[in-house]
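Novice: One structure is given below, represented as structure tokens, and several questions about it will come after.
Just so you know, all these numbers are worked out from the coordinates, no wet-lab data involved. Quick caveat: nothing in here was measured; it's all calculated off a predicted structure. Every residue, glycine as well, gets a Cβ built from its backbone with ideal geometry; the counts of neighbours run over all protein chains shown.
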Amino acid sequence: MKLDDRAKVLLKALIERYIAEGQPVGSRTLSRASGLELSPATIRNVMSDLEELGLVASPHTSAGRIPTARGYRLFVDTMLTVRRDELGPSVSLPPDQPQKVIAHAAQMLSNMSQFVGVVVAPRRSSVFRHIEFLRLSERRFLVIIVSPDGDVQNRVVHTAADYTQSQLAEAANYLNANYAGLAIEQVRERLKGEVEQLRGEIVTLMQTAVEASSEALEQDQEEVVISGERNLLAVSDFASDMTHLRHAFELFEQKTQLMRLLDVSSQAEGVRIFIGGESHTVPFEELSVVSAPYEVDGQVVGTLGVIGPTRMAYDRMIQIVDITSRLVTNALSHK
């Protein structure tokens with residue numbers, strides 16, 4: 001998508017004006033805002049070119065134009081300049097307990113952005129110190145996993161075959177003797193390679209149990225902390241259309257969808273921006289997400305971000321998210 005300099009200047013002026021005021025932008029306003037000495041007719045021609053490219057749209061009730069998701073994307077990728085010194089007094093996070101750091105960070109993102117702050121809590125280790133199987137009834141048993149710091153997790157497992165309590169004890173003893181101190185995922189991999197040495201039914205049992213343990217640990221860990229959902233009630237873009245707002249609240253309730261979205265960001269360095277309707281990740285045209293991963297002792301362990309309307313001050317959101325990610329990294333790392 002090649003735009004000449006004049007079209008870029010006009011598009012940038014239109015988007016900045018629209019972000020600030022939330023009203024469709026007309027040719028006369030654009031002429032003043034862009035600082036270009038252009039006739040209204042020339043501006044209208046450039047606008048219709050931008051409209052053909054899918055970068056702006058004209059709401060039927062107005063002579064002005066508004067940016068589309070593609071327009072915002074081009075603006076964010078090529079026209080945005082971020083100054084890191086505009087956030088005012090520096091803030092800090094209490095480094096005492098990880099849970100508190102996460103909750104404070106979500107609140108801080110929400111307070112500074114006036115939108116919704118989201119933090120995915122760090123994944124806890126899946127290393128186990130001890131594992132036990134307890135027969136509950138036919139083809140049903142309980143897996144009890146004890147972590148190195150004494151945390152206990154339980155999971156009920158249904159199996160195709162029935163196992164006696166002594167078979168369950170044999171499988172648990174084998175796992176404890178050979179694998180204690182490893183992560184459940186590593187145990188899963190090792191069991192695949194050791195099938196030959198073990199009795200068929202016991203290895204099937206162990207594989208089933210380890211799969212279940214892995215799932216139990218994953219489900220238990222996916223904690224998303226959300227702060228400031230009510231801020232969206234004050235956003236004029238949503239106030240006029242309650243279905244948009246309902247969509248947004250559904251997204252917060254389906255935390256798994258949020259997890260998937262933030263998971264994508266944790267695989268990249270620095271701040272990522274997802275603009276509404278661009279992908280399945282943010283399925284709502286009206287929402288954008290600005291996110292960044294955070295680390296503990298050099299390892300990426302989670303993601304945080306701001307969710308707000310597509311019409312947001314992206315430069316400011318990038319700063320807020322970037323700074324919060326650094327603060328969380330510092331607060332959680334054992335320096």
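Novice: Taking H as built 1.01 Å from N, whose amide H comes closer than 5 Å to the amide H of Ser288, not counting residues under 5 places away?
Specialist: Counting only residues 5 or more places away or on other chains, the set is Gly276, Gly308, Thr310.
Novice: Give the long-range amide H neighbours of Arg272: residues separated by 5 or more places, or on another chain, with amide H under 5 Å away, using H modelled in the peptide plane at 1.01 Å from N.
Specialist: Here the answer is Ser291, Ala292, since their amide H atoms fall under 5 Å of that of Arg272.
Novice: Order 175-183, 309-317 from most to least packed using the mean count of other Cβ atoms within 10 Å.
Specialist: 309-317, 175-183
Novice: Let me ask another. Taking neighbour counts of Cβ atoms within 10 Å as a proxy for exposure, in what order, fewest first, do Asp237, Asp4 appear? Could you put the intermediate results ahead of the total?
Specialist: Working: Asp237 17, Asp4 9.
With the fewest neighbours first, Asp237, Asp4 line up as Asp4, Asp237.
Novice: Okay, moving on. For Val271, Val156, what's the fewest-to-most ordering of other Cβ within 10 Å of each Cβ?
Specialist: Numbers: Val271 20, Val156 12.
Arranged by neighbour count, lowest to highest, Val271, Val156 become Val156, Val271.
Novice: Lys255: which lysines have alpha carbons under 30 Å from its alpha carbon, excluding same-chain residues fewer than 8 sequence positions away?
Specialist: Lys255 reaches Lys100.
Novice: Whole-Hz Karplus ³J(HN,Hα) for segment 154-162, in order, using 6.51 cos²θ - 1.76 cosθ + 1.60 and θ = phi - 60°, x for Gly and Pro?
Specialist: With the stated coefficients, segment 154-162 comes to 10, 8, 7, 10, 9, 10, 6, 9, 9 Hz.
Novice: I need His244, His104, His158 ordered by Cβ neighbour count within 10 Å, fewest first.
Specialist: Values: His244 19, His104 22, His158 10.
Going from least to most buried by this count: His158, His244, His104.
Novice: Mind listing the Cα extents of segment 5-79 along all three principal axes, in Å, largest one first?
Specialist: Here the Cα extents, ordered largest to smallest, are 29, 28, 24 Å.
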